[in-house]
1. For the range 92-122, which residues satisfy the criterion of being closer than 20 Å to Leu259 by Cα and touching a helix residue (DSSP H, G or I) at 6+ places or on another chain (Cβ under 9 Å)?
2. Would you check if there is a residue in the range 256-270 being touching a residue at least 60 places away in the same chain (Cβ under 8 Å) and within 13 Å of ligand 1 (Cβ to nearest atom)?
3. What strands (runs of 3 or more DSSP E) lie completely within the range 1-116 and have 2 or more residues being more than 18 Å from Ala228 (Cβ to Cβ), in contact (Cβ under 8 Å) with a residue 12 or more places away in the chain and more than 15 Å from ligand 1 (Cβ to nearest atom)?
4. Determine the pairs where a residue that is of a type outside the set (D, E, K, R), located within the range 326-338, has a partner that is open to solvent by 80 Å² or more (accessible area, probe 1.4 Å) with Cβ atoms under 6 Å apart, the partner being 6 or more residues away or on another chain.
5. Given the conditions (1) touching an Asp or Glu at 6+ places or on another chain (Cβ under 9 Å); (2) closer than 15 Å to Asp45 by Cβ, and given that Ala255 satisfies all but one, which numbered condition is not satisfied?
6. Take Lys205 and decide whether it is open to solvent by 20 Å² or more (accessible area, probe 1.4 Å), in contact with a strand residue (DSSP E or B) (Cβ under 9 Å, 6 or more places away or on another chain), in contact (Cβ under 8 Å) with a residue 60 or more places away in the chain and not in a loop (DSSP other than H, G, I, E, B).
7. Yes or no: Leu210 surrounded by fewer than 21 Cβ atoms within 10 Å (Cβ to Cβ), touching a strand residue (DSSP E or B) at 6+ places or on another chain (Cβ under 6 Å) and not in a helix (DSSP H, G or I)?
8. Any idea which of (1) farther than 24 Å from Gly10 by Cβ; (2) open to solvent by 30 Å² or more (accessible area, probe 1.4 Å); (3) not in a helix (DSSP H, G or I) is the one Lys163 doesn't satisfy?
Amino acid sequence: MRLGIIGLPGAGKTSIFNALTGSDLPVGNHLSHVKIHTGVANVPDPQLESLIALYEPRKTTYAQITFGDVAGMGEDGSLSGDLVNQLAQWDGFVAVLRAFEDPLTAAPPTPEQDVQVMEAEFLLNDMLRIEAHLERLADDRQIGARDRAELERELNLFQRLTKALQAERPLRGQTLEDAERELLQGYGLISSKPLLLVQNLEEGKDPRPLASDLPSFALYGKLEAELAQLPADEAVGFRKEFEIAEAGNEGLMSACLSLLGQIRFYTVSASEVRAWLLPKGGTVLQAAGTIHSDMARGFIRAEVIQWDDLIQLGGLSEARAAGKLRVEGKEYAPIDGEVIHIRFNV
Ligand SMILES: Nc1nc2c(ncn2[C@@H]2O[C@H](COP(=O)(O)OP(=O)(O)O)[C@@H](O)[C@H]2O)c(=O)[nH]1
Ligand SMILES: [Mg+2]
């Protein structure tokens, strides 16, 4: 899963990217050209750590999210064609909103206004893309270049989307059929992608509720970036001393998972204890395929148990012996936090 960190210049994108990925990119550069740094972050996971403590495996693997520090938005939120093409490539966005006083201009924060400015640009760009596509479709219809029924379905869909945009409704709120969703994938419509708002707070200030329907989160970006540079035990000590709630990036990362509609499941053995992501509502067969294509191909059944029940029982074999492993077929949809053991035969 890949999330682009976006926002107006100086909102704190690089600071939050550093906090999430443990990188040390320079902050305070107001870039006016498109520049993207990518980094991979382990999803912090106390549940996984409990499983690791139980199994003491040779290898441990966290679930991961790739983040991009996406610079290049204008001061007024404007997007160059180059930036729009870059934005089209991410699964969703974390929009950083400056909620601290700008050290350079002493300008007071205007987070709600900043969201509106960005959304307006998203809508405008999608509108332009869709208009261009509708023109192409009209040409195709005229010359009879394509299957009539298919063309009409597509025209109908894009006209519906235009109506939404004209009413200033981002496309992410549209109810779409699976086939329509699939069709839209290739068009890189940026207002259709999930968007999480992050208030980047002045140290010591409490977050203010944002007047927005979008999911939101608040953290001290600068402080979190600094803490991410410390050894883990020192950072914990610092948080205790200054009474800062548990790691802000931990909460931010779980907000990112729910933004992307992902749940976590685990696999455990003496060789590896590992966390995986699965789209919410996905089947255990799909989960098996994520682990290894052979497991999906030769799937027989899955044995399933919640992570904390497993810990209480002392391991998979103990749970099996106690009759506490549930047996599920391929259509079963795992819920967050389950340990899954796939029985397969290839
Ligand atoms: N007071 C305060 N300053 C911050 C915070 N986050 C970032 N800054 C400062 O704001 C400036 C811009 O931050 P940066 O992360 O480079 O923003 P970007 O342009 O969006 O990448 C830098 O000087 C940061 O140190 C914050 O949460 N609080
Ligand atoms: Mg930056």
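The values are calculated or read from the model by the stated rules, or taken from the named source; none is laboratory data. Being a predicted model, the structure only gives us computed values, none of them experimental. Counting neighbours? That spans all protein chains shown, and the Cβs are built from the backbone with ideal geometry, glycine included. Surface areas here come from the heavy atoms of the whole protein model, side chains and all, with no ligands, DNA or RNA. Shrake-Rupley method; radii C 1.70, N 1.55, O 1.52, S 1.80 Å.
1. Those that are closer than 20 Å to Leu259 by Cα and touching a helix residue (DSSP H, G or I) at 6+ places or on another chain (Cβ under 9 Å): Gly92, Phe93, Val94, Ala95, Val96, Leu97, Glu119, Phe122.
2. No; the residues of the range 256-270 include none that is touching a residue at least 60 places away in the same chain (Cβ under 8 Å) and within 13 Å of ligand 1 (Cβ to nearest atom).
3. Values: elements: 2-6, 35-42, 59-61, 64-71, 92-99.
Answer list for the range 1-116: 59-61.
4. Val327/Arg301
5. (1)
6. no
7. yes
8. Of everything listed in (1) farther than 24 Å from Gly10 by Cβ; (2) open to solvent by 30 Å² or more (accessible area, probe 1.4 Å); (3) not in a helix (DSSP H, G or I), Lys163 misses just condition (3).
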